[in-house]
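A short reminder: the numbers here are calculations on the coordinates, not readings from a lab. Treat the numbers as computed from the prediction; the structure is a model and nothing was measured. Neighbour counts run over all protein chains shown; Cβ positions are idealised from the backbone, glycine included.
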Amino acid sequence: MSGDHELEIDKELQIEIMKEIEKLEGATDLEGTAVISKTGLRIASADTASTTADLFSASPATLISLGTNISESLNQGELRDIVVRGIEGFTIITVTHDSDFMLITNCRKGYSLGYYFSKINKAFNELQKLLTGAKLKEATYT
């Protein structure tokens, strides 16, 4: 995927995506959850996502690109997740090679990462079904 893109998404579909994000956060201690395109466009995010929109969207897209290159060059197979560990907690980015979208979320409890991965992957699978209605198209500039 190269070049500039814009998103074409129905408002009702965006609301359904938001509901799935809220469901994930409501069932866990995860926070700041968002669905982002691999090109860095924010699709939907939870109310707990307080980071600035541009940084929140562009940085994970860059990490996914870098992570994919590393995973492929080291023969590790398809990139599935990236975990960023900070002093205050973890950021988890989940992606699949056959999707234009990724899920990003944050947690503070490192001892529950296995539990979180299970919940995140289940939610991402549900979101993938919804995201089939979202289309990335080439950006047009006037």
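Here are the numbers:
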| quantity | calculated |
| --- | --- |
| Net charge dipole size for region 11-131 [Lys, Arg +1 and Asp, Glu -1 on Cβ; Debye, nearest 20] | 180 |
| Relative packing of 24-30, 68-74, 36-42, which averages over residues the other C-beta atoms within 10 Å, highest first | 36-42, 24-30, 68-74 |
| Where labels lie 7 Å past Cα in the beta-carbon direction, separation of S118 and D29 in nm | 1.6 |
| Length-normalised contact order for region 11-131 - Cα pairs under 8 Å, 6+ apart - percent | 27 |
| Prolate/oblate/rounded call for region 11-131, Cα gyration tensor, a/c under 1.5 rounded | rounded |
